[in-house]
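Student: One structure, as structure tokens, below. Some questions next.
The values are calculated or read from the model by the stated rules, or taken from the named source; none is laboratory data. The structure presented is a predicted model; accordingly, all values stated were derived computationally and were not measured. As a convention, Cβ positions derive from the backbone with ideal geometry for all residues, glycine included, and neighbour counts pool all protein chains shown. What goes into the accessible areas is simple: the full protein's heavy atoms, side chains included, and nothing from ligands, DNA or RNA. Shrake-Rupley method; radii C 1.70, N 1.55, O 1.52, S 1.80 Å.
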Amino acid sequence: MLKGRGVRGTARSSQDTPGNLGRCAGHRNRRGSGDREGGGGGEDRYLGARQPAAAMALSGVRVLELAGLAPAPLCGMILADFGAQVVRVDRTPRSAVATDVQGRGKRSLALNLKRPAGSAVLRRLCCQADVLIEPFRHGVMEKLGLGPEVLLQENPRLIYARLTGFGQSGQYAKSAGHDINYLALSGVLSKLGRKDENPYAPANLLADFAGGGVLCAMGIVTALYERTKSGKGQIIDASMVEGAAYLSSFLWKSQNLGLWNRPRGENLLDSGAPFYETYKTSDGKFMAVGAIEPQFYEQLIKGLRLDSDKLPSQLSFSDWPKMKEKFASIFAQKTQAEWCSIFDGTDACVTPVLSFDEVASHQHNKQRSSFIKNDQEEISPRPAPLLSRTPAVPSFKRDPFIGEHTEEILLEYGFTKQEIAKLSSDKVIEFSEPKANL
């Protein structure tokens, strides 16, 4: 198990003033408890045996996540799902609406980092943290006096994860952008889209979440493992451009295989092939077909009740458009359920395209408990991958309100009640008490 330890130093006096809050405390307080109880009826929310939180892979790791948009919250949620104690440091004054819908398993501390006393609070928190996740453009943290050269000097064991669109250097380092921009600069966007149409970004999944949040989490876990050998932290420069490009390594390395020789939308895996496509059914739903290998294609043809001897070769590119039309006309004759009854249990690689409303009730997903339900009856995917001894135990509680745990967190990190009262009166921190349901 990775032990989260702060930097060793001299003990801090409880009489230090808020102006001196940036000094490292040199000791660790007990972890907060109660993040993992979830709601009652665990078997209904998460089928199968649940492991105690202490058994999770990242138990003992303390994470500070500076509030941001989609990628950083996912990164923090992944770490929380696998046992890390994640504190989301929210901005104050608070906005009317919280933008983080991925707050599962986290607690919230509302802190004004634009005030010197607020920056000092974060410095002191970082002295006892294992990981800091920061999502701001290059130079923002340095202006606040919270750059890695400052925080790593005070806590050499800190993993300082910088998650940005364009990275910490280069022409666009200080530029604004979103998933579609990062995907465009990575080269991946040029490969996505149908024939004779503009490139198409598949929601904001590839750069923001896969190339950003997920790969940043992987970098953090990698750095934590390396720290067990060196005893030292390090800086993670997680660029979503480079993350998306890295995810596309297969596209780069398969160029000599002939998979991408044709224009966009006319290749084997980009909607060009009739056997790698989606088809509409008679009830307005869809089936996904991925019968690439000849033996799987043969089963597809059998399920469609076609005679392979009367069809062109599977890889006859010139016949693909005509074959698409033929497949589409056949799929349109039956409902999705009828096609499932034909193809389920075969190796034709044909599956239903499920909506969010349907996916949790599909028999396969139910058998694996692939989706969970929180205390608010909201359904979401179970954390993945599934570890055999130390699986993730996601919290079933609602996401935290901004500032809901401010006092609790500061007390755990060694702040006195007098210091907390002073920070509150100076409007450096904020509290938010949950309202009882009447």
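Student: Evaluate the charge dipole of region 97-209 about its Cα centre and quote only its size in Debye, nearest 20, assuming +1 on the Cβ of each Lys and Arg and -1 on the Cβ of each Asp and Glu.
Tutor: The dipole magnitude comes to about 280 debye.
Student: Now, a different point. Would you mind classifying region 106-149 by shape? Square roots of the alpha carbon gyration tensor eigenvalues, ordered a ≥ b ≥ c; an a/c under 1.5 is rounded, otherwise it is prolate if a/b is larger than b/c and oblate if not.
Tutor: rounded
Student: In terms of modelled amide H atoms, which long-range or inter-chain residues lie less than 5 Å from the amide H of Lys285?
Tutor: Amide H neighbours of Lys285: Gln336.
Student: Quick one: which residues, 5 or more positions from Arg398 or on another chain, have an amide H under 5 Å from its amide H? H modelled 1.01 Å from N in the peptide plane, none for Pro or chain starts.
Tutor: Asp375
Student: Let me ask something else. Taking every pair of distinct Cα atoms and averaging 1/r, then inverting, what Kirkwood hydrodynamic radius in Å comes out for the chain?
Tutor: 24.5 Å is the Kirkwood radius here.
Student: Once you put a point 7 Å from the Cα of Arg262 and another 7 Å from the Cα of Ser318, both along the Cβ direction, what distance in nm separates them?
Tutor: 1.3
Student: A follow-up question, please. Return the FRET efficiency for the residue pair Leu354, Phe250: r is the Cβ-Cβ distance, R0 is 41 Å, and the value is rounded to the nearest 0.05.
Tutor: Result of the calculation: an efficiency of 0.95.
Student: Still on this structure, please answer the following. Apply the a/c threshold of 1.5 to the C-alpha gyration tensor of region 123-227 and tell me whether it is rounded, prolate or oblate.
Tutor: prolate
Student: Students sometimes get this wrong: rank Tyr246, Tyr276 by accessible area, probe 1.4 Å, all chains present, largest first.
Tutor: Solvent-accessible surface, decreasing: Tyr246, Tyr276.
Student: Another question, if that's okay. What is the magnitude of the charge dipole of the chain about its Cα centre, with +1 placed on the Cβ of each Lys and Arg, -1 on the Cβ of each Asp and Glu, and no other charges, expressed in debye to the nearest 20?
Tutor: Dipole size: approximately 1420 debye.
Student: Calculate the spin-label point distance for Ala176 paired with Glu408, positioning each point 7 Å from the Cα along the beta-carbon direction, and give it in nanometres.
Tutor: 3.6
Student: With unit charges on the beta carbons (Lys and Arg positive, Asp and Glu negative) and the dipole taken about the Cα centre of the chain, which residue among Ala291, Gly83, Val428 sits farthest to the positive side?
Tutor: Val428
Student: Starting from 0.36 nm per residue, how many nanometres of slack lie between Lys302 and Asp283 once their C-alpha separation is accounted for?
Tutor: The Lys302-Asp283 span can extend by a further 4.6 nm.
Student: Further, regarding this structure: What does the extension gain come out to for Ser425 and Thr99, with contour length at 0.36 nm per residue minus their alpha carbon separation?
Tutor: Full extension from Ser425 to Thr99 adds 114.7 nm.
Student: Hey, what did the chain get for relative contact order, percent, Cα under 8 Å, at least 6 apart?
Tutor: 21
Student: Hand me the trypsin sites (Lys or Arg not before Pro) from region 240-333 located in a DSSP loop with no more than 13 other Cβ atoms within 10 Å, in residue order please.
Tutor: Arg305
Student: Hey, got the dipole for region 231-331? About the Cα centre, +1 on K and R Cβ, -1 on D and E Cβ, debye to the nearest 20?
Tutor: Computed charge dipole of region 231-331: roughly 100 debye.
Student: Another question about this same structure. Label points 7 Å out from Cα along the Cβ direction at Leu311 and Ile330: separation in nm?
Tutor: Distance between label points: 0.5 nm.
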